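Have a look at the structure below before the remarks.
The values are calculated or read from the model by the stated rules, or taken from the named source; none is laboratory data. All values reported here derive from a predicted model rather than from experimental measurement. Here the Cβ is made from the backbone with ideal geometry for all residues, glycine too, and neighbour counts use every protein chain on show.
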Amino acid sequence: MWALLRFLGKVLGGRYRLLWLEDQGTFRRELRLPGWGWLLGALMLGGLVWALFAYTPLRYTIPGYPTRRFHRLYQALVERVGQLEDKLRQHLAQVEELRQMQEALQPTPTLANLPLLPSLQSGQYVLPVEGQVSRGFQPAQGHWGIDITCEAGETVLAMAEGTVILAEYSYQTGYVMAIQHPNGLVSFYKHNSRLLRQVGERVQAGDVIALTGGLGVYSSGPHLHIETWLGGQPIDPLQLLNYPRSPS
């Protein structure tokens, strides 16, 4: 380390000269400076060149550097995106306000205030999976069904006979299946790890339709999310399922 410092001190402390010569090799001019002077001059020259290309139109001569037209289009695009984001936030706020107003005006759907159907009876539907209800029906909080905790890979059973109308993967809720039942009821099964039925297939009550999991960003662990809808309104699945316990 000390040897390196001594070497640098010797180099920077020494004096060097720059000669200008004619084409025939005759002496023209001479410039003498210490080593640190040459270093300082090189740094200043490099900084000047950098400033010229960084803050003047010369930067547009660099191959691959964005043109002025590109910068104008980019700025216009950024402004447009900002305007769209503002409008989106306004629309979302309006939608949330309308949702809250609708929930305040309409009572939570129950079997008592829904059209009576012969096969829509409490406790007559098959429990899709055995487990404890970890979260109940909370439509005011946007939770349109119930969560039943279980191990990953357990079989999911169809609540009742019907036709599979949805079988796909969702980023939010993992593998999702929906079954349309003859009485107009639609049941949803979410956060599955695998689907065993395809759209258009007929199933009977108790048929295996999927395997449980915890897929989707809305899931915090292995469980089955169940929703039941009738006439565009959600119903608490516990009003239909043969489930012996109350939600915790």
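Residues checked against (1) surrounded by fewer than 16 Cβ atoms within 10 Å (Cβ to Cβ); (2) at pLDDT 90 or above:
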site	(1), (2)
127	no, yes
132	yes, yes
140	yes, no
154	no, yes
164	no, yes
> Consider residue 210 against the criteria (1) at pLDDT 90 or above; (2) out of contact with any Asp or Glu (no Cβ under 9 Å at 6 or more places or on another chain); (3) surrounded by fewer than 20 Cβ atoms within 10 Å (Cβ to Cβ): it satisfies all of them except one. Which criterion is unmet?
Replying inline: (3)
